[in-house]
Every structure is written in C-alpha cells, then in structure tokens.
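**Q** The structure's right below; bear with me while I get my questions together.
The values are calculated or read from the model by the stated rules, or taken from the named source; none is laboratory data. Source: prediction; values computed, not measured. No Cβ is skipped: glycine too gets one built from the backbone with ideal geometry, and neighbour counts run over all protein chains shown. All accessible areas refer to the heavy atoms of the entire protein, side chains included, with ligands and DNA or RNA removed. Shrake-Rupley method; radii C 1.70, N 1.55, O 1.52, S 1.80 Å.
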Amino acid sequence: MELRHLGRTGLRVSRLGLGTLTWGRDTGEHEAADQLKAFWEAGGTLIDTADVYADGEAEYLLGRLMEGLVPRRDLQIATKAGSVPDPDRRFDGSRGHLLAALDASLERLGTDHVDLWQVHAFDPVTPLEETLQALDIAVSSGRARYVGVSNFCGWQLAKAATWQLASSGAHTRLASTQMEYSLLQRGIEREVLPAALDLGIGLLPSSPLGRGVLTGKYRHMTPSDSRGASGLAAFVAPYLDEEASRIVDAVAIAADGLATSALHVALAWVRDRPGVTAPIVGARNAQQLRAALSVEALSLPDEICQALDDVSAPVHRYPDQDWSTL
C-alpha cells in the first residue's frame, strides 16, 4: 500500500487506516485478529483507536494482538483521549485527565508510546492552552511521537495551531485532524479543510463510506446484518434521505461504468481528495475489509471525480465564496 506523509511531518503512514470502533464490543478477538492480519498483509500500517472504544477494550484487544500476531514496529498506533462517560461533561481536555488517560491507554496497548495521540474533541470549559500543553508533555516525555485533534471545527483547529506557532517556547505542532468526510458529508470543506491545508495538517477522514450507505447496501432494503438494522440504526439514519439516495445512485452508476464496486468508487474519491492523508476504514469482518483494501489499484478518472463532485456539492455561499460575485 502506498505511504503518505501525515501532514507536514516526517511520519509516513499507509493511505488507508484501520478503525477499531467496534473491537471488543461487536468484533471479538478472533475476528479482530483476522482483520489486523489482512490489513498488515496488504501493507497497512495506521491503526486508529480510542480510549473510550468499548470502554477501553478495543485498545486492550489491539495490545494483545500485537504481542504475537503483528510486530509493533510494523504499525503506527493512533489513539484518542478526552471523551468521558459523563452526561454533564462529555469532553474533558484538562491536562490531568488527558495525561492520565494516555498512561492508561499505553498500559492497555502494552506499549511505551503511541505514534499519534489525538484530542478526541474540543472541550469548551478547559482553556485551550492547557489542553495543548498536555500534548507537549506527551511528546517531550516520549509517550507520543506525534499529536493531533479530532472533531475540531474550523476556528477551533486554527486557534489551536496558531497558539502553537505564536506562543513563546517550543511547542509540538499538530500533525493531523480526524473528521467525518465522505460524498455524503462534505461539511468540513467549508472551513476545516481549508484551515488544515493552509496549516499543513493532515486529514484523517472517518466514516469515508458515509456510515456504510455509499456501498449501496441500503438502496432497496436494510440488510438484517447491517448497522442500519442494529443498535446503530440512528447512526445510519441521517444518510438515508432523498438527497443521499441521489448521491448513492450516482456512485452506483460510476461503479458500473468503471466495472468496479460502489465501495471502491466512494473510497477512492475521498482517499484522493486534497489534504487527505488516510481515510479510516472500519469493517464488520475480514472479508469486508479485504474488499475495501483492494481499492489500492483504483484511481478515478477526472471526469468521474467531477461528476461526483457536482452531484454531492454542498451549498457554500457567503463568506466562503468570493463575496463580490454574490
């Protein structure tokens, strides 16, 4: 698999990442092992997890699998901290919480460092400089090699990166931002993506297949073994409207014309967007993952990309377009 630099850093990662959101909850150890082995054999290196996935079980499971299945040196482990199971405070970006969470993650993963440590979401209560100081400490102490953020809107991302550049002393620059991005969700193109491109921050798209909808599996019915028929039905529902159906149909037409799958078309589109380093792909089983990984040989023709851009284009007017033309 082709490698790409993560933002404006020296870290090179596979241009597809493996997500572990369901590991330890819906995905057991045997199936997780099959997925990790398939990903590694395909040349994949970037594994994305978080301390709250299955209440830490995803990290624990990944740590066990690295002991005997895949060498730690062959992988880049990315995890997150900051989400908390507190109805009164969903996110905790305090220095104390973040560093304690990092130590707990390292213990579960069975490693002395992670390659990428990400703040899971913006905490409006904690001063941003306190959160960013925790990232500096993580890198200076050797517990993290690179740092990033997740689910920061445009002004939050720009503020964080600017503080690192402008404040006194040496600070670890953000390497990445992880955001949902697909043909069904292009909202980050309004402010987040332009900020990331300007600041040299690599984008790690989550849900690059529109929460599974872009594969076409929901075009005529809801499969009984799909997320849409499970406890995650509410997660899928926003992408089952008429507008999404029109985009999914366009993807299917493109796939037929290229003699490939809708999954490949949708994944190749987001993988090769400007600013994207590596879409994070989650799979129900190893067979499904291998199907996604086989997109490596596909590059969409410019005409197909333009057609998909047009049919899925979000409405961005003032102030994103040149105001003088409005």
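**Q** Above 26 Å lies some portion of the pair distances; for the chain, what is it as a whole percent of all C-alpha pairs?
**A** 47
**Q** Sticking with this structure for a sec: How many percent of the alpha carbon pairs in the stretch 1-159 exceed a separation of 22 Å? Provide the component values of the computation, followed by the final result.
**A** Working: 5062 of 12561 pairs.
More than 22 Å apart: 40 percent of the Cα pairs in the stretch 1-159.
**Q** For Asp88 and Cys153, what is the calculated FRET efficiency with R₀ set at 25 Å and r taken between the beta-carbons, to the nearest 0.05? Don't jump to the answer; show the numbers that get you there.
**A** Working: r = 22 Å, r/R0 = 0.88.
E(calc), rounded to 0.05, equals 0.70.
**Q** Related question: Over the chain, with a Gaussian network built from C-alpha contacts below 10 Å, which listed residue (His97, His264, His316) shows the highest mean-square fluctuation?
**A** Largest GNM mean-square fluctuation: His316.
**Q** Taking θ = phi - 60°, what integer Hz values does the Karplus form 6.51 cos²θ - 1.76 cosθ + 1.60 yield along the stretch 141-156, in sequence order, with x for Gly and Pro?
**A** 8, x, 7, 9, 8, 9, 9, x, 10, 9, 6, 8, 6, x, 5, 5
**Q** At a Cα cut-off below 18 Å, give the lysines reachable from Lys159, other chains included and same-chain residues fewer than 8 away excluded.
**A** none
**Q** Ordered by residue, what ³J(HN,Hα) values in Hz, to whole numbers, does the stretch 204-216 give under the Karplus form 6.51 cos²θ - 1.76 cosθ + 1.60, where θ = phi - 60° and Gly and Pro are x?
**A** Per-residue couplings from phi come out as 10, x, 9, 6, x, 9, x, 6, x, 5, 5, 6, x Hz.
**Q** If you stretched the chain out fully between Thr162 and Arg284, how much longer would it get, using 0.36 nm times the residue separation minus the C-alpha to C-alpha distance? Don't skip to the end; give the middle numbers.
**A** Values: separation 122, 0.36 × 122 = 43.92 nm, distance 3.90 nm.
Once the chain is fully extended between Thr162 and Arg284, it gains 40.0 nm.
**Q** Continuing with the same structure: How large is the charge dipole for the chain, taken about the Cα centre, if only the Cβ atoms of Lys, Arg (+1) and Asp, Glu (-1) carry charge, to the nearest 20 debye? Show your work: numbers first, answer last.
**A** Working: 30 positive and 42 negative charges, 75 e Å.
Taking the Cα centre of the chain as origin, the dipole is about 360 debye.
**Q** Right, something else. Once all Cα-Cα distances of the stretch 1-79 are split into 5 Å bins that start at 0, what whole-number percent is in each one?
**A** Once binned at 5 Å, the Cα pair distances of the stretch 1-79 give 3, 16, 28, 26, 16, 9, 3, 0.
**Q** Given a Förster distance of 35 Å, report the FRET efficiency between Arg12 and Ala291 from their Cβ-Cβ distance, rounded to the nearest 0.05. Spell out each step's value before the answer.
**A** Numbers: r = 25 Å, r/R0 = 0.71.
For Arg12 and Ala291, the calculated efficiency is 0.90.
**Q** From a point 7 Å beyond the Cα of Ala170 in the direction of its Cβ, which residues of the stretch 143-159 have a backbone N at a distance under 18 Å?
**A** Inside the label zone: 143-147.
**Q** In the stretch 59-116, what percent of the accessible surface is made up of carbon and sulfur (1.4 Å probe, ligands and nucleic acids excluded)? Intermediate values should be presented prior to the final figure.
**A** Values: 1260 of 2660 Å².
C and S fraction of accessible area: 47 percent.
**Q** Could you compute Rg(Cα) / (2.2 N^0.38 Å) for the stretch 32-111, with N its residue count?
**A** On the way: Rg = 13.7 Å, N = 80, 2.2 N^0.38 = 11.6 Å.
Against the empirical 2.2 N^0.38 Å value, I get 1.18 for the stretch 32-111.
**Q** How much length is gained on full extension from Asp272 to Glu243, taking 0.36 nm per residue of separation minus their Cα-Cα distance?
**A** Details: separation 29, 0.36 × 29 = 10.44 nm, distance 2.32 nm.
The Asp272-Glu243 span can extend by a further 8.1 nm.
**Q** Once you have the alpha carbon radius of gyration of the stretch 93-177, what is it after dividing by 2.2 N^0.38 Å, with N set to its residue count?
**A** Working: Rg = 12.1 Å, N = 85, 2.2 N^0.38 = 11.9 Å.
Taking the Cα Rg and dividing by 2.2 N^0.38 Å, one obtains 1.02.
**Q** Go through the stretch 72-79 residue by residue and turn each phi into a ³J(HN,Hα) via Karplus (6.51, -1.76, 1.60, θ = phi - 60°); whole Hz please, and just put x for glycine and proline.
**A** Along the stretch 72-79, the couplings run 4, 5, 8, 10, 10, 8, 10, 10 Hz.
**Q** Check cross-link reach from Lys37 to the lysines: straight Cα distance under 30 Å, and skip same-chain residues fewer than eight apart.
**A** Lys80, Lys217
**Q** Here is a further query. Below 8 Å, C-alpha to C-alpha, sequence gap of six or more: please give me the relative contact order for the chain in percent.
**A** Working: 569 pairs, mean separation 58.4, N = 326.
After rounding, I find 18 percent.
**Q** Connecting C-alpha atoms closer than 10 Å in a GNM of the chain, tell me which of Arg219, Arg95, Arg12 has the biggest fluctuation.
**A** Answer for the Gaussian network model of the chain: Arg219.
**Q** Report for the chain the percent antiparallel among DSSP-assigned beta bridges with both residues inside it, nearest 5. Provide the component values of the computation, followed by the final result.
**A** On the way: 5 of 33 bridges.
Counting DSSP beta bridges with both partners in the chain, the antiparallel share is about 15 percent.
**Q** Next question. Per-residue ellipticity at 222 nm for the chain, helices alone: DSSP H runs ≥ 4 residues times -39500 (n - 2.57), over residue total, nearest 500 deg cm²/dmol? Working shown, then result.
**A** Numbers: 11 runs with 124 residues, N = 326.
It comes out at -11500 deg cm²/dmol, rounded to the nearest 500.
**Q** Tell me the per residue accessible area of the chain using a 1.4 Å probe; a whole number in Å² is fine.
**A** Working: 14580 Å² over 326 residues.
Result: 45 Å² per residue.
**Q** I've got another one for you. For the stretch 127-145 and the stretch 252-274, what is the separation of their C-alpha centers, rounded to whole Å?
**A** Cα centroid to Cα centroid, the span is 38 Å.
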